[in-house]
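Bear in mind these aren't lab numbers, they're just calculated from the coordinates by the rules spelled out. Being a predicted model, the structure only gives us computed values, none of them experimental. Here the Cβ is made from the backbone with ideal geometry for all residues, glycine too, and neighbour counts use every protein chain on show.
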Amino acid sequence: MRFLLGICLLLLISCSKRDEDSCNSQGFEGSWVWDKSVGGIGGWTDTPQSTGKSIRLEIDDLTFKWIENETLKINQQYDFNLSDKPIFGTEEKTYVALSDGTNFSVELKGDSLVLIDWCYDCYYHHFHRK
């Protein structure tokens, strides 16, 4: 019983022990450059070199912009949330919800950002801070 209580206590304080960036949207804001996308039913890897694409994200406190080959593809407001019902896995996921209903799970570690399409067999998009 004490063991179980100890595990529960560890889980409760884990968010306060994590980087501030992973618990709120402040670290999410900024300019991000695409490194690669991995996924799909075949587990493919796309890179700027293999696709000829350049992708950049410009994120401020209100707007999420996805710029591909210097063309604005997405320009929407967003909310930064925590989901207790992720589409995959069992643990809570931090996610960004765009105003058109598109969702990405977010993994943020220092100068690395991973956006995960919110569907099965979709892509993990890896970015680094500009």
Each residue of region 47-56 in order: what ³J(HN,Hα) in whole Hz does its phi give by Karplus 6.51 cos²θ - 1.76 cosθ + 1.60, θ = phi - 60°, with x for Gly and Pro? 9, x, 5, 7, 10, x, 9, 10, 10, 9
Taking 0.36 nm per intervening residue step and subtracting the Cα-Cα distance, what contour gain separates Arg129 from Glu58 on full extension? 24.5 nm
Between Thr51 and Leu72, what is 0.36 nm times their sequence separation minus the Cα-Cα distance? Round to one decimal in nm. 5.8 nm
With a Förster distance of 30 angstrom and the Cβ-Cβ distance between Ser112 and Ile41, calculated FRET efficiency to the nearest 0.05 equals 0.75
